[in-house]
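Just below is one structure, and these are the notes that go with it.
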Number of protein chains: 2
Amino acid sequence: MLANQPHTIAACNARLAAVGDALYAIGGKWKLRIIVALMEGPRRFNDLQRTVAGISARVLSNELKEMEMNDFIKRNVYVQTPVIVEYELTEYSRTVMPVVEALSEWGTQHRAYVQNKGREESALAV
Amino acid sequence: MLANQPHTIAACNARLAAVGDALYAIGGKWKLRIIVALMEGPRRFNDLQRTVAGISARVLSNELKEMEMNDFIKRNVYVQTPVIVEYELTEYSRTVMPVVEALSEWGTQHRAYVQNKGREESALAV
C-alpha cells in the first residue's frame, strides 16, 4: 500500500520494527507535543507546561529528562540570580520534523472527517 | 522549522492542536503497529496477535474495537463452521499511510543513530 515499497513479509516486518522503534522513542502522549511547543524557540519549564495543555509538572519533568538522554533537547542553565533554566531543541530533533508534519496534516484532515461524520449521523437521527 | 509554514503563535497552536488530534486517534503503543500488520491483507485475531509482538489479547481486543469505531478497520464475520472473524483495513485507514511512512523512515534512521552513538560511547570508555 505504501508507494515504492515491495510487499513481502520481510518488508512488512522491517516496517513493523521501524515503526516500533519510532513509537518507542517519540510515541506516547507528550514527546511530539513538547517538540512542537519548542519549535518557536527555547522555553522555561513553566512556560512549556502552560503551552503543552494538560501535562503535569511531574510528567513534563520525566519527559524532558528522557528527551535530553535521547538528544532531542538541550537543557541550558544560565547561572545568574535567579538561575534560569531553558529547554531548547537540538539539531538532531529536526530529523523528527517530517513525522510532525505528517501527523499535523493527518490530524487536520481527521478532525474534518470526524466532524463531517458527526453531522451525517445527526442528520440521519432526525 | 517546518518548510512552507509561517512561524506565528497561531500557526504553532494550530499545529499543536493538529498533532494532538492525530496522537489522540493513532497515538499510543499499538494502533499504528496494528495498521502496519494489516497492510498485507486481512488477518484473524490470533494471527494478528502473533504479528504484533508483545500485545495481550485483552489490549488487542480493545484496540480493535476503538479502531473499528474510528473507521480504521472492518470486522468481517464469515458465518460457517467454524465461524471466521477477520480484520481488514478500510479505505479510510489509507489516509494514515504518509504518517506510517514518515515514522518508518525516521525509526530506521534513529536506530542507526542510536547504534552509532553506542559505538562512540564504548570507544570513549575504552
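Fully extending the segment from B:Lys29 to B:Lys65, taken as 0.36 nm per residue of separation minus the present Cα-Cα distance, adds 11.4 nm. Within chain B, no helix built from a complete DSSP H run reaches 27 Å or longer along its own axis (Cα positions) while carrying a mean Kyte-Doolittle hydropathy of 1.0 or higher.
Here's the picture: charge each Lys and Arg Cβ at +1 and each Asp and Glu Cβ at -1 in chain B, and of B:Pro82, B:Ala123, B:Ser93 the one pushed furthest to the positive end of that dipole is B:Ala123.
About the centre of its Cα atoms, the protein assembly as shown shows a dipole size close to 480 debye [charges on the beta carbon of Lys, Arg (+1) and Asp, Glu (-1) only; nearest 20 debye].
Straight-line reach from B:Lys29: taking Cα to Cα under 15 Å and skipping same-chain neighbours fewer than 8 places apart, the aspartates and glutamates in range are A:Asp21, B:Glu63, B:Glu66. Mean projection of the Cα convex hull over all viewing directions, computed for the protein assembly as shown: 18.9 nm². So, counting K/R as plus one and D/E as minus one, what does the shell of residues with Cβ under 10 Å around A:Thr51 add up to? Computed value for this residue: +1.
Highest mean first, the peptides A:13-22, B:37-46 sorted by other C-beta atoms within 10 Å per residue fall in the order A:13-22, B:37-46. Counts of other chain beta carbons within 10 angstrom of each beta carbon in peptide B:24-36 average 5. Each residue of the range A:30-125 gets 118 Å³ once the volume of the Cα convex hull is shared out per residue. Over the Cα atoms of the range A:10-51, each weighted equally, I'd like the Debye log10 I(q)/I(0) at q = 0.22, 0.32 Å⁻¹, rounded to two decimals. Cα-only, vacuum Debye calculation for the range A:10-51: -0.72, -1.02.
When only the Cβ of Lys, Arg, Asp and Glu is charged (+1, +1, -1, -1), the dipole of the range A:30-125 relative to its Cα centre reaches about 260 debye. When the Gaussian network model of chain B links Cα atoms closer than 10 Å, the mean-square fluctuations of B:Val85, B:Val114, B:Val36 top out at B:Val114.
Just so you know, all these numbers are worked out from the coordinates, no wet-lab data involved. None of these values were measured; they are calculated from a predicted model. A quick note on method: Cβ atoms are made from the backbone with ideal geometry, for glycine too, and the neighbour counts reach across all protein chains shown.
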